[in-house]
Each structure stands twice: as C-alpha cells, then as structure tokens.
Amino acid sequence: VVGFSWGGWSLGSTADKMAKERSERAVVAALAPVCADKFRALPDAEAKTIALSKVEAWKRGEEFPKEIVTLPGETSPNYALVHACSTLLLAPKSAALQ
C-alpha cells in the first residue's frame, strides 16, 4: 500500500492507460494543424468559420466534414481533434502567428 500511495508505483493496466492517453493527445496535437489547413481549403471556408464561431463548443463537430476530424482507422469524429482544430481556426490572427 505504501509503495502505491507514496512510492509512485502503478499497475501495468494503469501505465497502459496513461500511455494510451498520452499517445492520443500527441496524435491530436499533430493532426490539429492539418485539420485546420484542410478546413481553410474548403470552398466556403470563410462562411463555415463564421458558422463555427457561432456554435456552442459541444456542437462544433457537426460543422466539420467527417473525414477531416475522423482519425485513421476510426469511424466517427474524434472530439478532441474537433476541439483542437476549432481552437486553431477561431484563435485571433496574432495568436495563430506565435
């Protein structure tokens, strides 16, 4: 008990879960700029960006084409990617340049 509480030990399943979460965050961080670029390349990107800014955060997945926000091997949109991509798209221009 002491080793788990104070020693920082963890079970293998806990370590696997933590590794998977870190891996998913890294994939989302890498794909968010690609998602934003694909969104900006859409024919009506300016109008879609305005519409995206008016929608509540939890509904923003509906504003993206499914193929832009679906990770390879998955069948449904990844909402962490939707959030990261919409954050990039809606960031003020000065913040996007940093």
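Could you pull out every one of the lysines with an alpha carbon less than 22 Å from that of LYS66, ignoring same-chain neighbours closer than 8 positions? Output for LYS66: LYS38, LYS48, LYS54. Rg and Dmax over the alpha-carbon atoms of segment 42-95 stand at 11.2, 35 Å.
Read the figures in this text as sums done on the coordinates, not as results from a lab. Quick caveat: nothing in here was measured; it's all calculated off a predicted structure.
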